[in-house]
Amino acid sequence: MILMLDQQLALLERAALALAQRWPELLALCLLTACAHRERGSEHDWLGTQGARALFWACPLTAAVWWLVPGLPWDALVRAWLAWFLGMVLLPHAAGQNLPETPAAYPASWTAKIPRLQKLGYLWLAGIGRLALFAWAVEPWVPLSAGWSVVGGLYMPAGYLLGLLPPALPWRLRSEGEWGEFLAGLLFGPVLFAALVVTPAG
């Protein structure tokens, strides 16, 4: 029990030190992940859904991993890119995006009939799955705990819930869903920062 408490205190100490020394990187990362998460959800007729996921999500996130952990070999970065891409492909979250419980929000969509609590649970599971896939991909180089993906996965439901609050803007943030994408991406930044900068003992 005392050993666990010491470990937790050491982790908090590392977190405070990392935030004090690298807060500009955290802010830049949050902006990157917010824009990437929103952009991969936009309509790109010239690219398609999977192309947008590859270009606007997997590429920036892999660049962020390389930036935060510069010593990673190329095969680790390739695996990270595949994890980010496949996480979006295999665990799509459209079923959880339409949080306003009014069929008028998406009149032709079956997702309007799903209760909000179930949508939030699905978003959490999708977040957990994507983080677990990334953790598996970088496991030989950056060991991440299972608890990280479970707690970190909350970025998805939290972001989409917060997306219900801001007013609509004329471009890229025109609806609750678009705000949800942006804010979920924003919250993803600290999750990734904690995994790659705070958590590693080295």
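Every number here is computed from the coordinates shown, using simple stated rules; none is lab data. All values reported here derive from a predicted model rather than from experimental measurement. Glycine gets a Cβ as well: all are built from the backbone with ideal geometry, and neighbour counts include every protein chain shown.
Compute the separation of the alpha-carbon centres of the stretch 25-54 and the stretch 145-198 and state it in Å as a whole number.
13
Taking neighbour counts of Cβ atoms within 10 Å as a proxy for exposure, in what order, fewest first, do HIS44, HIS37, HIS93 appear?
Going from sparsest to densest Cβ surroundings: HIS44, HIS93, HIS37.
Take the chain, connect every pair of alpha-carbon atoms lying under 10 Å apart with a spring to form a Gaussian network, then pick out the residue of LEU17, LEU161, LEU183 with the largest mean-square fluctuation.
Maximum fluctuation in the GNM of the chain, among the listed residues, is at LEU17.
Take the chain, connect every pair of alpha-carbon atoms lying under 10 Å apart with a spring to form a Gaussian network, then pick out the residue of TRP179, TRP74, TRP124 with the largest mean-square fluctuation.
TRP74
Could you compute the FRET efficiency for ARG116 and TRP74, with r as their C-beta to C-beta distance and R0 at 45 Å, rounded to 0.05?
So the FRET efficiency works out to roughly 0.55.
So what is the relative contact order for the stretch 22-198, in percent, with contacts set as C-alpha pairs under 8 Å and at least six apart?
Rounded, it is 29 percent for the stretch 22-198.
Evaluate E = 1/(1 + (r/R0)^6) for LEU125 and ASP45, where r is the Cβ-Cβ distance and R0 equals 30 Å; express this FRET efficiency to the nearest 0.05.
After rounding to 0.05, the efficiency reads 0.50.
Helix-derived [θ] at 222 nm for the chain: sum -39500 (n - 2.57) over DSSP H runs of at least 4, divide by residue count, nearest 500?
When only DSSP H runs of four or more count, the value is -20500 deg cm²/dmol.
What longest range of the chain stays clear of loop-exposed GluC sites (Glu not before Pro) (DSSP non-H/G/I/E/B, at most 12 other C-beta within 10 angstrom)?
My reading of the result: 102-202 is the longest stretch.
Choose one answer from LEU187, LEU47, LEU72: the residue with the largest mean-square fluctuation in a GNM of the chain with alpha-carbon springs under 10 Å.
LEU47
At 7 Å along Cα-to-Cβ for each site, give me the label-to-label distance between VAL151 and LEU17 in nm.
Once both label points are built, they end up 1.9 nm from each other.
Can you tell me the length gained on complete extension of the stretch LEU55 to LEU169, counting 0.36 nm per residue apart and subtracting the Cα distance?
38.6 nm
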